[in-house]
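**Q** Structure provided below as structure tokens; questions to follow.
The values are calculated or read from the model by the stated rules, or taken from the named source; none is laboratory data. Note that the structure is predicted; figures quoted are calculated from it, not measured. Cβ placement follows ideal geometry from the backbone for every residue including glycine, while neighbour counts extend to all protein chains displayed. These accessible areas exclude ligands, DNA and RNA; they are computed on the full protein's heavy atoms, side chains included. Shrake-Rupley method; radii C 1.70, N 1.55, O 1.52, S 1.80 Å.
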Amino acid sequence: MKEDYKMKNYIKLSILSLSLAGLASCEMDSPNQSALQPEVIGFTEKLAESAIMSIHQSFGETNSYRGRFTPYYGLNTDVEIINGLAASKTPDGGKLDLGAYNATPNNSQMNTDNNAYAKFYEGIERANMVIKNITENGDPDNRPEMAALLGEAMTLRAVIYLDLIKGWGDVPARFDPIDDQTIYQPRVDRDEIYKRLLSDLDYAKNVVAWPNGDDKTKSVERINRAFVKGLRARIALYAGGYSYRSDKTVRLSNDPDLAREKMYQIAAEECQDVIDNCTPLSNLAFIDNFKALCQDDVTAGKESLWEIPFSDGRGRVLYTFGVKHLAKDQYTGQAQGGVNGPLPSLFYDYDVDDIRRNITCVPYEWSSESKSSQALRAVNKWCFGKLRYEWMNRRVTSTNDDGVNFQYMRLADVYMMAAEAYNELGDINKAWTCLEPVLSRALPAAKVDALKAKYTASKDAFFKGIVEQRAFEFAGEMLRKADLVRWNLIDEKMAEAKQKMTDLAQLKGDYADLPENLYIKLYETGMEIPETAITFDTPVAGETLVIYGMNHGDTDDEGTKLSGFDKANWLGATTKDGVTTYKITDDFINGLYINQPSTHAIWPIWQTFCDKSNGQLDNSWLGF
């Protein structure tokens, strides 16, 4: 369960005297001279640790990771969408524009002084002050406990900088506390920041303990060595990958220090060390990771490596990524969820025996009665199923916040990064040994063997396997967009996604063997579930839908023979006055993106910050 040192119990602002709420790279007042001065931090481990917890506060602010970056950055992709897509509603100046690759500097969701961009730099400033004071006054060379805290602060800063680069490309680089001479700073080449982060984490990985290595690392709400190494690998893959640059080209870095082979070598080495020193993935069930997340189990040594910690009354993780509840029902005190969901075609792209399918993609919501049951949603409004209010073991007390942590990295990602890196370096056999545990817990042995033959046929075939399997493994976890960008596949895969949805709507191509209708019935005690029918969780009488018609090869002829099942038009088209209307409309499909994703995946720095930057910041390279 969440430990006593949960973020809300750690932050001691009365001690720290921090007044940094307005700090941002382009709106910086002179720093509070009393904040985190040596006489405040001194040489005290306890106070240094409390200062580190203040960095966590910046993650949880209303418009930081909680309500802006986490819900919006990763959308839209070829597997994840904002529910409610419609080309006719874009540009909307707000949420849909963020997903449709049409973000402008005045975006209504983002263009405020207290937004994610500002809060990220607030967290960085707090980290910079902690790092400076520990380095100068904490004697980390001779005090391992202070060195560990220094490594933790460096890692938290690296998390924020990585997400700044993902979101905004080239950004101001601040690695020292602000003074009168550094209030206003321009963007710098992101490669400069990448190199600093790789160097910082090279230090941090040697001073922070492994999971359960000390009292601090017993919880995945604190930084541990496995996460530091995994984060360093992730940064290396991004640094060695493609991105849209200030010269208006999509390309790799020109910096020899960030050469692709060097970056993949770092990723391979760091990931292999984590694999060798952590619980084998084969011992960890896929579903258990997500149930533990919903149940506030932050015990280290399982699949979760690090989570952004939210107190019980903060964080909109289930609100955004959970299964939709229309009422405050028997499972939750909050009628929320279902804001984002999987692309309609994703469910049908999984192998029928892949256990990840029914956990990741859910076609139902919970009805509006206080004693709710599952009710079918529309085909264009799926829910992610990895996070479910009904898996929680406490009640939600807020209208908007659920208190579930955001899982930033889990062990399966390390295995798959290792597989990708080894393949790129030419060791396909080693690559398979890293990918195989991910597949073996998801698929029957015979199908894993078939994938081995397919993927290990060549380096290119294996890379395509990585692209495919990362979609199936991490859908809904907001990793896909950055993956597609760094692979330089985002344009191709987004166009492919539109075609898949067109084919699904018209029941052609790979989806030609699906029925037009679904056949549904609420589970009854002792009911025999028909062959190929699906339940998406353990059946509960009067609550759980039994659904036929979702597997390839199911037919309407067979569905109509099922006794007591109701027919629901799921994919059937209607024609009126010579016009055919599909359940997945062109308006929906074309809302996936309205600009070229590869050149619009980066957000502009919001206008409020540019206006207050003393002329240092603009978005001219992005066309604004």
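**Q** If you go through segment 375-412 one residue at a time, how many are more than 17 Å from residue 294 (Cβ to Cβ) and either of a type in the set (Val, Ile, Thr) or outside any loop (DSSP other than H, G, I, E, B) (or both)?
**A** Residues meeting the conditions: 7.
**Q** Name the residues in segment 67-122 that are of a type in the set (Val, Ile, Thr) and closer than 10 Å to residue 606 by Cα, would you?
**A** 104, 112, listed by residue number.
**Q** Would you say residue 268 is under 24 Å from residue 204 (Cα atoms) and either open to solvent by 50 Å² or more (accessible area, probe 1.4 Å) or in a helix (DSSP H, G or I) (or both)?
**A** Yes: the conditions hold for residue 268.
**Q** While we're here: State all residues of segment 499-534 that are among the β-branched types (Val, Ile, Thr), in contact (Cβ under 8 Å) with a residue 40 or more places away in the chain and surrounded by fewer than 19 Cβ atoms within 10 Å (Cβ to Cβ); if no residue qualifies, say none.
**A** 502 - this is the single residue of segment 499-534 that is among the β-branched types (Val, Ile, Thr), in contact (Cβ under 8 Å) with a residue 40 or more places away in the chain and surrounded by fewer than 19 Cβ atoms within 10 Å (Cβ to Cβ).
**Q** When the residues of segment 161-213 are narrowed to those that are in a helix (DSSP H, G or I) and polar (S, T, N, Q), which ends up farthest from residue 479 (Cα to Cα)?
**A** Going through the qualifying residues, I end up with 206.
**Q** Name the one entry in 102, 76, 83 that is modelled with pLDDT of 95 or more and in contact with a strand residue (DSSP E or B) (Cβ under 6 Å, 6 or more places away or on another chain).
**A** From the options 102, 76, 83, the qualifying one is 83.
**Q** Looking only at residues that are open to solvent by 70 Å² or more (accessible area, probe 1.4 Å) and among the acidic types (Asp, Glu) in segment 190-218, which one is farthest from residue 160 (Cα to Cα)?
**A** 215
**Q** Please specify each residue of segment 536-557 satisfying the condition of being touching a residue at least 40 places away in the same chain (Cβ under 8 Å), assigned to a loop (DSSP other than H, G, I, E, B) and closer than 21 Å to residue 384 by Cα.
**A** Result: 536, 537, 543, 544, 550, 551, 552.
**Q** Out of 585, 555, 608, which single residue is open to solvent by less than 80 Å² (accessible area, probe 1.4 Å), among the polar types (S, T, N, Q) and under 30 Å from residue 166 (Cβ atoms)?
**A** That would be 608, the only listed residue that is open to solvent by less than 80 Å² (accessible area, probe 1.4 Å), among the polar types (S, T, N, Q) and under 30 Å from residue 166 (Cβ atoms).
**Q** Which one of these does residue 359 not meet: (1) surrounded by 23 or more Cβ atoms within 10 Å (Cβ to Cβ); (2) under 20 Å from residue 289 (Cα atoms); (3) hydrophobic (A, V, I, L, M, F, W, C)?
**A** In the conditions (1) surrounded by 23 or more Cβ atoms within 10 Å (Cβ to Cβ); (2) under 20 Å from residue 289 (Cα atoms); (3) hydrophobic (A, V, I, L, M, F, W, C), residue 359 misses (1) alone.
**Q** Another one. Under the condition of being crowded, with 18+ Cβ neighbours inside 10 Å and without any contact (Cβ under 8 Å) to a residue 24 or more places away in the chain, which residue from segment 93-112 is farthest from the chain's Cα centre (by Cα)?
**A** Once the filter is applied, the top-ranked residue is 97.
**Q** Considering segment 271-297 alone, what residues qualify as being surrounded by fewer than 15 Cβ atoms within 10 Å (Cβ to Cβ) and over 30 Å from residue 322 (Cα atoms)?
**A** The answer is 276, 277.
One line per residue, one yes/no per condition, for (1) within 19 Å of residue 410 (Cβ to Cβ); (2) among the basic types (Lys, Arg); (3) modelled with pLDDT of 95 or more; (4) over 23 Å from the mean Cα position of the chain (by Cα):
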site: 217; (1), (2), (3), (4): yes, no, yes, no
site: 235; (1), (2), (3), (4): yes, no, yes, no
site: 238; (1), (2), (3), (4): yes, no, yes, no
site: 241; (1), (2), (3), (4): no, no, yes, no
site: 248; (1), (2), (3), (4): no, yes, yes, yes
site: 275; (1), (2), (3), (4): yes, no, yes, no
site: 284; (1), (2), (3), (4): yes, no, yes, no
site: 291; (1), (2), (3), (4): yes, yes, yes, no
site: 294; (1), (2), (3), (4): yes, no, yes, no
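**Q** Quick one: is residue 451 among the hydrophobic types (A, V, I, L, M, F, W, C), surrounded by fewer than 21 Cβ atoms within 10 Å (Cβ to Cβ) and part of a helix (DSSP H, G or I)?
**A** Taking the combined requirement at face value, the residue satisfies it.
**Q** Go over the candidates 462, 474 one by one and state the one that is within 22 Å of residue 243 (Cβ to Cβ) and touching a residue at least 12 places away in the same chain (Cβ under 8 Å).
**A** None of the other options fit; the residue is 474.
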